[in-house]
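Written below as structure tokens is the structure these notes are about.
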Amino acid sequence: MTPPIDKRDASRLFRDRLGQLLTRSGLNRSAFAAGVGIDRSALTQLLAGEVTRLPRAETLIRIAAEHGVSLDWLLGLSQAEDVTAAIKQSLELEEAPDDRGEPLLESWHAEAAGTKIRYVPTTLPDLLRTEAVISYESSENKRTLTSRLDEAQERIAYTRRPETDMEICMPVQRLHDLKGGTGLWTELPEKARIGQLEHMAALLEELYPSLRLYLYDGQSHFSAPYTVFGPYRVSVYVGDMYLVLNAKDAVGAMTRHFDSLIRAATVQAHEVAGWLRKLAAGN
């Protein structure tokens, strides 16, 4: 068993790695510090070794994520260079459980608390679905239906937290299909379809601006379903599993893709609730 590292040695190893990142970044101290969410004086103290205590966990995570290195390397626990570690950890496949909740999503949401969540749903946003729609989309057993109802309530509770910042993008045609009972919704009764539209409008009014839904033209723009969890990872839903992207460049690319959907929106977030009410009323 490897003996524990003395805290002074741990601080020295971290300081050396931090200095390497600063040099490689080509940034001045003020810019580097701003990029990882600390002030210049705090960075100077860390580099000067004036304290033996390591930064807070969230600061370590930000430094590692911002500069594409693993926490093990940053803390001096691994001699493997960051490029090797990043390649190994940049892509994962995770099975999507279908009868016991979704602990992976819960843990990713918890990790990203306080950062922006960007979400493109498969059909309708999970947290905005009614019980009738969840039941309609869940052809499985009662336990699965119950767990999905619970998950929807947990997502709403998450969104009501004061630090939550969530954006959702989806094609406007999907809601027209819902209203008209076409596409995925051919067997869902009209009362349930109208109720879903009204439910979405009410929740969006209540949760705005922490939760913002944008509608884009699905004929001119396309997106697979995915979620960007702050600066940490992207999960792309591919049926019965998630393709998980952890590399900084991949997260950045998907963030830019999401932002392009917002720029292409034909119905803006502050307009969506009223637009849904008009659609439900047949206007």
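The values are calculated or read from the model by the stated rules, or taken from the named source; none is laboratory data. Keep in mind that this is a model prediction, so the values were computed, not measured. Because the Cβ atoms are built from the backbone with ideal geometry, glycine has one as well, and the counts that use them run over all protein chains shown.
Scanning the stretch 211-251 for residues being farther than 22 Å from L104 by Cβ and either at pLDDT 90 or above or aliphatic (A, V, I, L, M) (or both) gives a total of 10.
Specify the residue that is surrounded by the fewest Cβ atoms within 10 Å (Cβ to Cβ); the eligible residues are those in the stretch 219-268 that are β-branched (V, I, T) and assigned to a strand (DSSP E or B).
So the residue we want is T266.
Within the stretch 153-175, is even one residue over 23 Å from L261 (Cα atoms), of a type in the set (A, V, I, L, M) and either modelled with pLDDT of 95 or more or not assigned by TED's automatic domain parsing to the domain that holds E58 (or both)? So far as the stretch 153-175 goes, yes, one or more of its residues are over 23 Å from L261 (Cα atoms), of a type in the set (A, V, I, L, M) and either modelled with pLDDT of 95 or more or not assigned by TED's automatic domain parsing to the domain that holds E58 (or both).
The rows are residues; the columns are (1) farther than 23 Å from S223 by Cβ; (2) modelled with pLDDT under 80; (3) outside the structural domain of T182 (by TED's automatic domain parsing).
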{"residue": "E94", "(1), (2), (3)": "no, yes, no"}
{"residue": "L105", "(1), (2), (3)": "no, yes, no"}
{"residue": "G114", "(1), (2), (3)": "yes, no, no"}
{"residue": "L124", "(1), (2), (3)": "no, no, no"}
{"residue": "A132", "(1), (2), (3)": "yes, no, no"}
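In this structure, L178 does not qualify as surrounded by 14 or more Cβ atoms within 10 Å (Cβ to Cβ), at pLDDT 95 or above and touching a strand residue (DSSP E or B) at 6+ places or on another chain (Cβ under 7 Å). Within the stretch 203-218, restricting attention to residues that are in contact (Cβ under 8 Å) with a residue 40 or more places away in the chain and in a helix (DSSP H, G or I), the residue that is surrounded by the most Cβ atoms within 10 Å (Cβ to Cβ) is L204.
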